[in-house]
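**Q** Supplied in structure tokens, the structure appears directly below.
The values are calculated or read from the model by the stated rules, or taken from the named source; none is laboratory data. All values reported here derive from a predicted model rather than from experimental measurement. For neighbour counting, all protein chains shown are included, and Cβ atoms are generated from backbone atoms with ideal geometry for every residue, glycine included.
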Amino acid sequence: MDTRYIFVTGGVVSSLGKGIISSSLARLLLSRGFRVTIQKFDPYLNIDPGTLNPYEHGECYVTDDGFETDLDLGHYERFTDIITTRANSITTGRIYQAVIDKERKGDYLGKTVQIIPNITDEIKRNIVNLGETGDFDFIITEIGGTVGDIESTPFLEAVRQLKWELDKRALSLHLTYVPYLKAAKELKTKPTQHSVKQLQSIGIQPDILILRSELPIPQHMREKVAQFCNVSSEAVIQSVDASSIYHVPGMMHEQNLDGLVLDITRTDHINEPDHSAWNLFLQKLETAHRTVRIGLVGKYVQLQDAYKSISESLIHAATYCDHKLDLVYINSENVNDDNVEKTLSELDGVVIAPGFGNRGIDGKLSAIKWCRENDVPAFGICLGMQCMVIEYARNVLGMTEANSTEMDPSTPNNVIDMMESQKNITDKGGTMRLGAYSCRLADGSVAQKAYGTGIIRERHRHRYEFNNKYRSLFESAGLMCTGENPETGLVEIVELPRLKWFVGTQYHPEYRSTVLHPNPLFMSFMKAAVEYSNHK
Ligand code: GLN
């Protein structure tokens, strides 16, 4: 069938969850047997979010093909099991760069290069190109930002043109907010009406409205919205706050969102959706009554979106272990050898977070030492793994000044050092070791048992690595390198086999955990945490 295009925009306020709605719709269409992908346009000028502080933009997600992207791509993958690529995440910066590169090459010789048509054509090209691969029945394109923002104007103009050109093969879905005024005890639809007017003034008539609200929206109110906004009343859908984002596909299906999309785009209803695997997960999520308490030690804890993939991976694993997750965010800057016992002793497992730079490192080292000495399940990810190595060097091998050259370029014991391939790189954007690489697992290791195979592929985002010069010293003192890249010998995993569960990975397993396929290493960690909580 010809590819259908669904454009998702947002109005009234940001943070309404366009990514969750897009992911939920993709899930529903996939469950009906369609081939689907999701694409996100971000209106900022950075080429990618890789150079942004997590406080600005939450976590930076990494694709298999090594592109640093918006955290919504993580939701897309977790909901759908689709492997996204650089084609799924586009910023204004990339669009402008492509147009300016073409201008310099002479592609527009003699012509003035303008936002319309050149920038809008480049945006359209990036949308339609995905369709032209022939790989997808539906392409869901999420436009970041809020209607009315200056930055998103070219994207919306491109959507307007495509809707006109593609006619029934294109659909506009607009997500808005219906606030509840406590003093008046009323839900208010006026902001939605204004937002739709704004969209209409750009020339886009929405086909479906999704109203986000804290409380259920009465039918008569939805009918009023339909009437004011030229949308049929069954196409006004509510999205009431849910206890878990993973309930949203079901909530959307109950209101026939997927059926509507098929009808509006004149698509045959080929199958009734099969939600059985998804519902099994939800059933476990709802019925788990025991709790497992995991601490996440990192420096970006004020903004929990900074660790989105880790917290979601922990939820997946806890749910499949029939437990509710109680995730305690611990600011590594506040942890020290004096308070570490008090801070961590109630936990069943500890994750040491990834990160960059010196701030909060001492707290991570204190937490690792305490877990190691008290045999509490500990999981170090990227910088967390590097800290496990540094802690072991300092406190077990007696190299008191051991460090990563990221933290101390003149350390006498550079147990973590900059990768050789990184040493001549000066540009900061997109130049780390990024994306999926193979890793060979040692027989009998925790990792090998967890994955149940000898070779895995996981995603990376780092410049520094375990210094192989020290490998035999560490191994003879008990810290084993149980995963390595088969081509380069780069150490990917360290483990302390004499402890119950003490594993650090240079890679980021959290980028590959989905509702239907939880990450095996997170599962193994969670089992150990549950076991530990039972025998504490
Ligand atoms: N800062 C470390 C490095 O660049 C770790 C990066 C990370 O945790 N993602 O190697």
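**Q** Inside the range 390-407, can you point out the residues that are of a type in the set (D, E, K, R) and more than 13 Å from the ligand (Cβ to nearest atom)?
**A** Restricting attention to the range 390-407, the residues satisfying the condition of being of a type in the set (D, E, K, R) are 391, 394, 401, 406.
Within the range 390-407, E391, R394, E401 qualify.
**Q** Let me ask something else about it. Working only within the range 390-419, note down all residues that are β-branched (V, I, T), without any contact (Cβ under 8 Å) to a residue 40 or more places away in the chain, crowded, with 17+ Cβ neighbours inside 10 Å and in a loop (DSSP other than H, G, I, E, B).
**A** The first filter runs over the range 390-419 and keeps only residues β-branched (V, I, T), leaving 390, 396, 400, 405, 411, 415-416.
Subsequent filtering for residues that are without any contact (Cβ under 8 Å) to a residue 40 or more places away in the chain retains 390, 400, 411.
Adding the requirement that they be crowded, with 17+ Cβ neighbours inside 10 Å leaves 390, 411.
T411, the sole residue that qualifies.
**Q** While we're on this one: Among the residues of the range 58-79 satisfying the criterion of being over 20 Å from L303 (Cβ atoms) and in a helix (DSSP H, G or I), which is farthest from the chain's Cα centre (by Cα)? Lay out the reasoning, then the answer.
**A** Going residue by residue through the range 58-79, those that are over 20 Å from L303 (Cβ atoms) are 63-67, 76-77, 79.
Next, only the ones that are in a helix (DSSP H, G or I) stay: 76-77, 79.
Numbers: Y76: 8, E77: 8, F79: 11 Å.
Looking at the filtered set, the residue picked out is F79.
**Q** Quickly run through the range 442-496 and pick out the residues that are in contact with a Cys (Cβ under 9 Å, 6 or more places away or on another chain) and of a type in the set (D, E).
**A** Result: E458, E475, E484, E492, E495.
**Q** Further, regarding this structure: Only residues that are surrounded by fewer than 24 Cβ atoms within 10 Å (Cβ to Cβ), assigned to a helix (DSSP H, G or I) and within 14 Å of the ligand (Cβ to nearest atom): list them for the range 345-389, please.
**A** I361
**Q** Something else: Scan the range 435-470 residue by residue and report those that are surrounded by 15 or more Cβ atoms within 10 Å (Cβ to Cβ), more than 12 Å from I493 (Cα to Cα) and of a type in the set (D, E, K, R).
**A** Hits for the range 435-470 are R459, R461, R463.
**Q** Taking E475, is it at negative phi and free of Cβ contacts under 8 Å to residues at least 12 places away in the same chain? Reasoning before the result, please.
**A** Numbers: at negative phi: yes; free of Cβ contacts under 8 Å to residues at least 12 places away in the same chain: yes.
Yes: the conditions hold for E475.
**Q** Moving on. So which of L490, L479 is of a type in the set (A, V, I, L, M, F, W, C) and surrounded by fewer than 24 Cβ atoms within 10 Å (Cβ to Cβ)?
**A** On the way: L479 fails: surrounded by fewer than 24 Cβ atoms within 10 Å (Cβ to Cβ).
Of the residues listed, the single one that is of a type in the set (A, V, I, L, M, F, W, C) and surrounded by fewer than 24 Cβ atoms within 10 Å (Cβ to Cβ) is L490.
**Q** Just to be sure, is R86 surrounded by 20 or more Cβ atoms within 10 Å (Cβ to Cβ) and within 30 Å of H275 (Cα to Cα)? Spell out how you get there, then give the answer.
**A** Working: surrounded by 20 or more Cβ atoms within 10 Å (Cβ to Cβ): no; within 30 Å of H275 (Cα to Cα): yes.
It is false that R86 is surrounded by 20 or more Cβ atoms within 10 Å (Cβ to Cβ) and within 30 Å of H275 (Cα to Cα).
**Q** Filter the range 80-110 for residues that are part of a loop (DSSP other than H, G, I, E, B) and among the aliphatic types (A, V, I, L, M) and give the result. Reasoning before the result, please.
**A** Applying the first criterion (part of a loop (DSSP other than H, G, I, E, B)) to the range 80-110 yields 81-85, 106-110.
If the condition is that a residue be part of a loop (DSSP other than H, G, I, E, B) and among the aliphatic types (A, V, I, L, M), then I82, I83, L109 are the ones that fit.
**Q** Next question. Find the residue count for the range 315-344, including only residues that are out of contact with any Gly (no Cβ under 9 Å at 6 or more places or on another chain) and part of a helix (DSSP H, G or I).
**A** 8
**Q** Pairs under 7 Å by beta carbon, first residue touching a residue at least 60 places away in the same chain (Cβ under 8 Å) and at positive phi in the range 364-389, partner more than 16 Å from the ligand (Cβ to nearest atom) and hydrophobic (A, V, I, L, M, F, W, C), six or more apart or different chains?
**A** D375/L499
**Q** Among the residues of the range 192-214, is any among the aliphatic types (A, V, I, L, M), out of contact with any His (no Cβ under 8 Å at 6 or more places or on another chain) and in a helix (DSSP H, G or I)?
**A** yes
**Q** A further question on this structure: Under 7 Å between Cβ atoms, which residue pairs at least 6 apart in sequence (or on different chains) link something in the range 178-195 that is touching a residue at least 12 places away in the same chain (Cβ under 8 Å) with a partner that is assigned to a helix (DSSP H, G or I) and of a type outside the set (A, V, I, L, M, F, W, C)?
**A** Sorted first by the residue in the range 178-195, then by its partner, the pairs are V178/T192; P179/P191; T189/K224.
**Q** May I pose another question? Filter the range 250-293 for residues that are under 30 Å from D362 (Cα atoms) and touching a helix residue (DSSP H, G or I) at 6+ places or on another chain (Cβ under 6 Å) and give the result.
**A** Taking the range 250-293 first, the residues under 30 Å from D362 (Cα atoms) are 291-293.
If the condition is that a residue be under 30 Å from D362 (Cα atoms) and touching a helix residue (DSSP H, G or I) at 6+ places or on another chain (Cβ under 6 Å), then V292 is the only one that fits.
Every residue, every condition in (1) of a type in the set (V, I, T); (2) under 17 Å from L173 (Cβ atoms); (3) touching a residue at least 12 places away in the same chain (Cβ under 8 Å), yes or no:
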site: Q238; (1), (2), (3): no, yes, yes
site: Q255; (1), (2), (3): no, yes, yes
site: L260; (1), (2), (3): no, yes, yes
site: D263; (1), (2), (3): no, yes, no
site: T267; (1), (2), (3): yes, yes, yes
site: I270; (1), (2), (3): yes, no, yes
site: P273; (1), (2), (3): no, no, yes
site: L280; (1), (2), (3): no, no, no
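**Q** Please verify whether I310 is within 16 Å of the ligand (Cβ to nearest atom) and either within 21 Å of D70 (Cα to Cα) or aromatic (F, W, Y) (or both), treating the condition exactly as stated.
**A** Numbers: within 16 Å of the ligand (Cβ to nearest atom): yes; either within 21 Å of D70 (Cα to Cα) or aromatic (F, W, Y) (or both): yes.
In short, yes.
**Q** Would you say A306 is modelled with pLDDT under 95, in a helix (DSSP H, G or I) and surrounded by 15 or more Cβ atoms within 10 Å (Cβ to Cβ)?
**A** Working: modelled with pLDDT under 95: yes; in a helix (DSSP H, G or I): yes; surrounded by 15 or more Cβ atoms within 10 Å (Cβ to Cβ): yes.
It is true that A306 is modelled with pLDDT under 95, in a helix (DSSP H, G or I) and surrounded by 15 or more Cβ atoms within 10 Å (Cβ to Cβ).
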